[in-house]
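See below for the structure under consideration.
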Amino acid sequence: MKELVASGALRPLAGIMLMHSALTTAAYAVPVIAPVAAPDMGLAPESVGFLVAVMYLAAMVTAPVSGILIARMGPARLFQALLLVIALGCALFSVSSALMAFLGALFIGCASGPMNPVGSHVLVRAAPARWRAFVFSVKQCATPAGGMIAGALMPPLSLAFGWQAAMLTIPVAAIALMFLAPMSTRGVAGGSVAGGGMLRAIVRSLRSVLLDAGLRRVALTGTAFAACQMAIGSYLVVYLWRVAELSPATAGLAFSTMHVAGIASRIVLGAIADRHVSSQSLLAGLALVMALSLAALTFVSAAWPVPAMFAVTIAVGVSGNGWVGLFFSELARLAPADRTAEIAGGGQSVMYAGIVAGPLIFGALLGASGSYALCLWLFAGVALASFVALVLRSRR
């Protein structure tokens, strides 16, 4: 730990976590606030999956150009731009219109894409190699922290002041955090990338990941995990509201609890990864827990005691959120030192295919069958298949 403190990595880590938390709060506020906001927009609450899909389709496009954006703008100015874009996205979303909701989701997604690559670009230069898995896992705690904030604050703020006012608290926080960016990235230059425009940067970033066997395995594993994570993350609040008959506030608190569990698991897993247990073994264990917890969620009903429902959501949070720090740490470990952002952006873009597909598949199957249980069993099967693939790969 003395080595980590002496490296000076804790200052940029803390600032990046705050900025990431604001960015992810904006993304998670969409599914959390859907039960209240959807009727005013002329949408069904179940359409939240399509809003989430729009966000991450946009993120898939912007993630691979992170390297060229960092080179042109520098990490500080890029962080400021991302915060400004989510402020605009949340303002658009707060308009009671389906069109503005989808446009706001598009803006939020555009800001979400470069978020992790620019953070990786800064921290891979600041953190000692021995502490990289831990630092990246702690950094990724900002994602469930954003979910925790959204789940804990959005429902009560909506009840007290209206959902539009609740959404508008995010732009205020984002604009305030813009002043933090220069302090969190001090001494880190933008770096350099190969020449060419945005389209060439996207192709180069994706090719770098998909043509390398090790990077491709990491990226595809992340795709399967992300599909499960975002499918349940997009529909948990609506599911507990519809099926378990919880109030929107209590369902939001369950959503928040799921992300608190994710924060704890990322810190613990980051601390033990590679120094005590391989990242691949940890990912296999998480896949099995995810499969079992999603299967258990199918049995939740209004007859269940609330603590039991929360226990299942905690297991979902540990498994569904705990893997992301390991994912980005592996990408950073396998990437050339001068191409961290490019590789992180390409790997994230491949992984985002699962983030987009998960809510869309869940929503389409739910619309066709009307059965939440069937949807949950499907994604439990995806998690179980990932567990089998990781175990077989480890044996080879």
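Let me have the relative contact order for the chain, percent, based on Cα pairs under 8 Å that are six or more residues apart.
Computed value for the chain: 27 percent relative contact order.
Once the C-beta distance of L99 and V277 is scaled by a Förster radius of 51 Å, the resulting FRET efficiency is 0.60 to the nearest 0.05. Dipole size of the chain about its Cα centre, with +1 on Lys/Arg Cβ and -1 on Asp/Glu Cβ: approximately 1280 debye, rounded to the nearest 20. Rounded to the nearest angstrom and listed largest first, the equivalent-ellipsoid semi-axes of segment 290-346 from its Cα gyration tensor are 37, 9, 8.
Ignoring everything except DSSP H segments at least 4 long, calculate the 222 nm mean residue ellipticity for the chain; use -39,500 (n - 2.57) per segment, divide by total residues, nearest 500.
-27500 deg cm²/dmol
Using DSSP to call loops (not H, G, I, E or B), can you name the chymotrypsin sites (Phe, Trp or Tyr not before Pro) in segment 215-309 whose Cβ has at most 15 other Cβ atoms within 10 angstrom? Qualifying residues, ordered by number: F299. Here segment 243-396 has an Rg and Dmax of 17.0, 55 Å, counting Cα atoms alone. Computed over the Cα atoms of the chain, pair by distinct pair, the Kirkwood hydrodynamic radius stands at 20.6 angstrom.
Multiplying the residue separation of A311 and A176 by 0.36 nm and removing their Cα-Cα distance gives an extension gain of 45.0 nm. Between A303 and R217, the modelled labels are 4.6 nm apart [label points 7 Å from Cα along Cα→Cβ].
Values quoted throughout were computed directly from the atomic coordinates according to the rules given, and no laboratory measurement underlies them. Model, not experiment: these values are computed from the prediction. No Cβ is skipped: glycine too gets one built from the backbone with ideal geometry, and neighbour counts run over all protein chains shown.
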